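Visitor: Dropping a structure here in structure tokens format, bear with me for questions.
The values are calculated or read from the model by the stated rules, or taken from the named source; none is laboratory data. Every value quoted in this text rests on a predicted model; they were computed, and no experiment measured them. Positions of Cβ are backbone-derived with ideal geometry, glycine not excepted, and every protein chain shown enters the neighbour counts. Areas reflect the complete protein model, heavy atoms only, side chains present, ligands, DNA and RNA absent. Shrake-Rupley method; radii C 1.70, N 1.55, O 1.52, S 1.80 Å.
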Amino acid sequence: MEVVLSEKAQLQEELVRIQEERRQLQRDMDQLRRQVQDGQTLNCDLERQLTELRAVHTVAADDWRQFQKDLQMAVRVANEYRSEAEADAQRLRQDVALLRDRENGLQTELDRVRKGSPTSPSFVKARVQALERPLERPLVPANELRPALKKALPRLECSTDTDDAKLACIGRRSSGEDPLSTIAKQFGGSRRNALLKWCQQRTHNYQGISITNFSSSWNDGLALCALMHSFLPDLVPYEALRQQNDKRANFATAFKAAESVGIPATLDVNLMVSTERPDWNSVMAYVTAIFKHLES
């Protein structure tokens, strides 16, 4: 009987120990589950951040590739203008040299006549005919010589080695002095980045506006409304448009305000509202028109 009681006591002790181990294992499993959940949450956050970084990198890479293409095109255009200017300058130098030769010939004949040198009529006639003989190609008329030089000199200035200077020369040729060069000097960097900083400066107090590029930052029309409101607050009810959240209404209001001061609407509303990343060249061209009309 005593042996049975002893074994029973041992079994009870063993049962208590096993139950304690079971509870400890349960606590360990609960802790591991929490760690797994935390790990899954952290993994989801990291995947979301990675997706956002990839999107930002894609946008930056697209902008950089487009900028390189635009820069290469600008350099090619600048080189073409330089070649044309050099050809014009060479032609002008040849014309000037030919005119000087004729002038020297006339002066020589005049000196000979003044000195009373014997000259046969046939010789004089031959010299006159030689001097009156037309050029192989027509000379630039005197009244066109100065404008031609003025046209050639700015082109020759584009022989500078810096790409920004070439871009500035192209801008001056297309529409006189490029107004974007002013803000490029003010903000530093390229004209595109300077125009972007100007937009950020004009709209920094507007709620819901964050302009970081000339594409996705403008796809809902609200940035255009903020920009136009900064100049024409009576024509753009910005707060009402922001709360309404209607892309078409935003673009219609901004275009109407711009057209009231002579800025034509060059953007396609259907295309702007249907794509997440509109063509940045078109958007930048329209913003440039706003800058030229209202700021410069």
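Visitor: For LEU106 and ASN205 in the same chain, what is the full-extension length gain: residue separation times 0.36 nm, less their Cα-Cα distance, in nm?
Guide: 28.2 nm
Visitor: Right, another one. Spin-label point model (7 Å from Cα, Cβ direction): what's the ASP246 to LYS115 distance in nm?
Guide: It is 9.5 nm.
Visitor: Also, quick follow-up: When Lys and Arg each count +1 and Asp and Glu each count -1, what net charge do the other residues less than 12 Å away from VAL273, Cβ to Cβ, add up to?
Guide: Once all neighbours under 12 Å are counted, the net charge is -2.
Visitor: Could you tell me what a quarter of the Cα convex hull surface of the stretch 176-296 works out to, in nm² with one decimal place? Before the final figure, lay out the partial values.
Guide: Working: hull surface 28.0 nm².
Here the figure is 7.0 nm², rounded to one decimal.
Visitor: Another question, then. If you wrap the stretch 41-113's Cα atoms in a convex hull and average its projection over all directions, what's the area in nm²?
Guide: Projected over every direction and averaged, the Cα hull of the stretch 41-113 covers 5.8 nm².
Visitor: Between GLN186 and ARG54, how high is the FRET efficiency from 1/(1 + (r/R0)^6) when r is the Cβ-Cβ distance and R₀ = 35 Å? Nearest 0.05. Working shown, then result.
Guide: Details: r = 34 Å, r/R0 = 0.98.
Computed FRET efficiency for GLN186 and ARG54 comes out at 0.55.
Visitor: Suppose we take every Cα in the stretch 1-63 and form the convex hull; what volume per residue is that in Å³?
Guide: Considering the Cα atoms of the stretch 1-63, their hull volume per residue is 43 Å³.
Visitor: Anything over 25 Å Cα to Cα? Flag those among LYS185/LYS292; LYS69/LYS247; LYS69/LYS197, in the order listed.
Guide: With Cα atoms farther than 25 Å apart: LYS69/LYS247.
Visitor: For LEU11 paired with GLU239, estimate the spin-label separation in nm (one decimal), with each label point 7 Å from Cα along the Cα-to-Cβ line.
Guide: About 8.3 nm, to one decimal.
Visitor: Also: Taking the alpha-carbon centroid of each part, what is the distance from the stretch 234-296 to the stretch 35-79 in angstrom?
Guide: Taking the Cα centre of each part, the stretch 234-296 and the stretch 35-79 sit 26 Å apart.
Visitor: Rank LYS247, LYS115 by accessible area, highest first, at a 1.4 Å probe radius?
Guide: Heavy-atom accessible area, descending, gives LYS115, LYS247.
Visitor: Using label points projected 7 Å from each Cα along Cα→Cβ, tell me how many nm separate ARG65 and ASP279, to one decimal.
Guide: Distance between label points: 1.8 nm.
Visitor: Sticking with this structure for a sec: Could you sort HIS293, HIS229 by accessible area so the largest value comes first, with the probe set to 1.4 Å?
Guide: Output order, biggest surface exposure first: HIS293, HIS229.
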